[in-house]
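Some notes on the structure that comes next.
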Amino acid sequence: MKTVQACLMAFICALFFRNSAMAEKSWEAVLSTMPLNAHATELNETNCVPLILNAFQSNSVVKALIFMPGATDELYFFHRVHARLAATNPSLANAIGALTNQTCIQADFRAPFLLLHTTEDVVDPIAIVKSRGTAAKLRRRMVSDRMVFNDCAWDDLRTALRRELSVELRPFANAPDSWHFYHHTFAACGLSQWELLEAVALSGKTTFTLHWWTADFRLDTRNGPTPGLKSTP
């Protein structure tokens, strides 16, 4: 009996440590297995986004890699991104490390999202749930397709996501309410429909209210300090 109990205890301990190791697997370790273009020696406004989004692969830790508006501003508005890649065969983790060490862009893992952002971005999405049943349904339903959006306008995003979501996205096409939304830049694989709505909100600087059959997006008016600009007293 003692032998059986000892074997059972050893099995339980082994299972616990294995699961703990899997749970603690970092996003850096996962992204280090994803190769970047071997010929790239610098990340800048012309190649940074496509290189990073195309390198992102399906995995069990990071389900979406999102460029928030502050990060894309650094690339396309301020033109301040020039990050050298020291590795001979750089990985996606090397690329993220180069950005966070050499530019104002920061990386923040908010499971299941890896957010590339600056101090002007608010990394906690706002979602107001008016229909709990719809929210529960969206959390259960998975999006099977791998998605990559690079500088995608709201109307184009709505069209692309129509068959991926069980709710209708609002505002409708050509609506003035969407004219001030940021363009969407993210890659995703293995998200639930609820997580996909959150990814849309984070990438477009919006909040959303979930109703029975619609998700209504509005501009998120929260702002942090812009990197490199002195705040006035």
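On the given criteria, is N101 out of contact with any Pro (no Cβ under 7 Å at 6 or more places or on another chain), at pLDDT below 95 and among the polar types (S, T, N, Q)? Outline the logic, then answer.
On the way: out of contact with any Pro (no Cβ under 7 Å at 6 or more places or on another chain): yes; at pLDDT below 95: no; among the polar types (S, T, N, Q): yes.
Taking the combined requirement at face value, the residue does not satisfy it.
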Here are the criteria: (1) within 14 Å of the chain's Cα centre (by Cα); (2) buried (at least 17 other Cβ atoms within 10 Å of the Cβ); (3) over 22 Å from R146 (Cβ atoms). Tell me which single one G97 does not satisfy. (1)
When the residues of the range 181-223 are narrowed to those that are under 15 Å from I126 (Cβ atoms) and of a type in the set (G, A, S), which ends up surrounded by the fewest Cβ atoms within 10 Å (Cβ to Cβ)? A201
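I'd like to check which strands (runs of 3 or more DSSP E) are fully inside the range 121-233 and have at least 1 residues that are touching a residue at least 60 places away in the same chain (Cβ under 8 Å) and among the small types (G, A, S). Steps first, please.
Details: elements: 127-129, 147-152, 168-170, 184-188, 206-210, 214-219.
Where strands (runs of 3 or more DSSP E) fall fully within the range 121-233 and carry at least 1 residues being touching a residue at least 60 places away in the same chain (Cβ under 8 Å) and among the small types (G, A, S), they are 127-129, 184-188.
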Determine whether the range 103-115 contains at least one residue that is exposed (fewer than 14 other Cβ atoms within 10 Å of the Cβ) and either assigned to a loop (DSSP other than H, G, I, E, B) or without any contact (Cβ under 8 Å) to a residue 12 or more places away in the chain (or both). yes
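The values are calculated or read from the model by the stated rules, or taken from the named source; none is laboratory data. The model shown is predicted, which means the values in this text are computed figures rather than measured ones. All Cβ positions, even for glycine, are placed from backbone atoms using ideal geometry, and neighbour counts span all protein chains on display.
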